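Q: Let me begin by handing over the structure; questions about it come next.
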Amino acid sequence: MPKTDSEISYIRESSKILSLIFTELERIASAGISTLEIDKYANFLCRKYKVKPAFKGYKGYRHTICANVNDIIVHGVPNNRKLKNGDIIGLDMGVIYQGYYSDMSKTIYIGDVTEEVKRFVEKTYQSMMNGITILKPGIRVGDISYAMRDGLYDDKFILMEDFVGHGIGKSLHERPNIPGHGLNKGMGDEIKENMVLAIESISVMADTNEYFIESDQWTVRTKSGALSALFEHTVLVTKDGYEILTLS
Ligand code: CO
């Protein structure tokens, strides 16, 4: 649903704070630190910026961030394993400011990763950006999905179908769902001015997007052990285009 000007101003502030928090998280994410330590720091930053973590308490989730290391696709539960050189980690976090949500993810490199892995991660970023730059009133959800697939395009990479982008604002997940895979051009709901959308590209470095959920009931991994990457911005649909809100 389109948002009012006052709702948009709250979501804008929420998103801005989230992007500032991300800058600080990226600074500490390096070899030797555990994802649980990053999570604790994220929680501290929420207090510093006077926002609430959006994931904590959501369907019983107990942490501030999702830490998607290597073959973890989404919902990676922070733990004591220390990051090591060559890992990639998709940080995913949302915050609530004055009741308004924002959501963001970014995959970063820990030390040295191969050129092949870099190409994969950069393509995933390109996929999200394609999904964002196509935004304007009148297009349909399927046009966004198509743009994201087009941005990723590579026979050896694939987007997820079951984990999706979404509307956002007064709650973390609002209509419409925006899948990267499985929805054709011209299909789905129409995009309207003043909608706020979390556009996410969640990809696997393989030609299959099969996954399984670990016994913790959260952590989602690729079945093949292939790497996964993700990028997400909270974005406002404007009169003739878009504005990325999770930028600082
Ligand atoms: Co999201």
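Q: Only one of (1) crowded, with 19+ Cβ neighbours inside 10 Å; (2) under 29 Å from Gly32 (Cβ atoms) is not met by Arg119, so which one is it?
A: Only one criterion in (1) crowded, with 19+ Cβ neighbours inside 10 Å; (2) under 29 Å from Gly32 (Cβ atoms) is unmet by Arg119, namely (1).
Q: Hey, can you tell me all the residues within segment 47-64 that are over 19 Å from the mean Cα position of the chain (by Cα), outside any helix (DSSP H, G or I) and exposed (fewer than 13 other Cβ atoms within 10 Å of the Cβ)?
A: Lys50
Q: Here is a list of conditions, (1) buried (at least 18 other Cβ atoms within 10 Å of the Cβ); (2) of a type in the set (Val, Ile, Thr); (3) within 18 Å of the chain's Cα centre (by Cα), and Ile191 meets all of them except one; can you say which number that is?
A: (3)
Q: Which ones in segment 142-175 are among the hydrophobic types (A, V, I, L, M, F, W, C) and within 15 Å of the ligand (Cβ to nearest atom)?
A: Hits for segment 142-175 are Ile144, Met148, Leu159, Met160, Phe163, Val164, Ile168, Leu172.
Q: While we're looking at this one, here's another question. Please verify whether segment 24-32 includes one or more residues that are without any contact (Cβ under 8 Å) to a residue 12 or more places away in the chain and over 30 Å from Ile158 (Cβ atoms).
A: Within segment 24-32, one or more residues are without any contact (Cβ under 8 Å) to a residue 12 or more places away in the chain and over 30 Å from Ile158 (Cβ atoms).
Q: Check Ser6 against each of (1) surrounded by 17 or more Cβ atoms within 10 Å (Cβ to Cβ); (2) of a type in the set (Ser, Thr, Tyr); (3) assigned to a helix (DSSP H, G or I) and name the one condition it does not meet.
A: Condition not satisfied by Ser6: (1).
Q: Is there a residue being out of contact with any Leu (no Cβ under 8 Å at 6 or more places or on another chain) and within 16 Å of the ligand (Cβ to nearest atom) anywhere in segment 99-121?
A: Scanning segment 99-121 turns up at least one residue that is out of contact with any Leu (no Cβ under 8 Å at 6 or more places or on another chain) and within 16 Å of the ligand (Cβ to nearest atom).
Q: Please tell me if Val74 is closer than 30 Å to Arg140 by Cα and in contact with a Pro (Cβ under 7 Å, 6 or more places away or on another chain).
A: no
Q: Residues in segment 124-136: is at least one more than 24 Å from Ala206 (Cα to Cα) and touching a helix residue (DSSP H, G or I) at 6+ places or on another chain (Cβ under 6 Å)?
A: The answer is yes, given that some residue of segment 124-136 is more than 24 Å from Ala206 (Cα to Cα) and touching a helix residue (DSSP H, G or I) at 6+ places or on another chain (Cβ under 6 Å).
Q: Okay, next question. Of all residues in segment 17-49, how many are in contact with a strand residue (DSSP E or B) (Cβ under 8 Å, 6 or more places away or on another chain) and of a type in the set (Lys, Arg)?
A: 0
Q: Now, a different point. May I ask you to say which residue of Tyr153, Tyr146, Tyr125 is of a type outside the set (Gly, Ala, Ser), surrounded by fewer than 17 Cβ atoms within 10 Å (Cβ to Cβ) and over 21 Å from Glu7 (Cβ atoms)?
A: Tyr153
Q: Does Asp112 satisfy the condition of being in contact (Cβ under 8 Å) with a residue 40 or more places away in the chain, more than 16 Å from the chain's Cα centre (by Cα) and in a loop (DSSP other than H, G, I, E, B)?
A: No; evaluated as a whole, the condition is false for this residue.
Q: Would you mind stating whether Leu245 is surrounded by 15 or more Cβ atoms within 10 Å (Cβ to Cβ), at pLDDT 95 or above and touching a Leu at 6+ places or on another chain (Cβ under 8 Å)?
A: yes
Q: Considering segment 22-56 alone, what residues qualify as being under 22 Å from Ile11 (Cβ atoms) and of a type in the set (Val, Ile, Thr)?
A: Answer for segment 22-56, where residues must be under 22 Å from Ile11 (Cβ atoms) and of a type in the set (Val, Ile, Thr): Thr23, Val51.
Q: For the subset of segment 10-46 comprising residues that are within 12 Å of Met93 (Cβ to Cβ) and aromatic (Phe, Trp, Tyr), which member is surrounded by the fewest Cβ atoms within 10 Å (Cβ to Cβ)?
A: For segment 10-46, the residue satisfying everything is Tyr41.
Q: In contact (Cβ under 8 Å) with a residue 24 or more places away in the chain and surrounded by fewer than 19 Cβ atoms within 10 Å (Cβ to Cβ): is that true of Thr107 in this structure?
A: Considered against the rule, which asks whether it is in contact (Cβ under 8 Å) with a residue 24 or more places away in the chain and surrounded by fewer than 19 Cβ atoms within 10 Å (Cβ to Cβ), Thr107 comes out as no.
The values are calculated or read from the model by the stated rules, or taken from the named source; none is laboratory data. Since the model is a prediction, treat every value here as computed from it, not as a measurement. Glycine also receives a Cβ, built like all others from the backbone with ideal geometry; neighbour counts cover every protein chain displayed.
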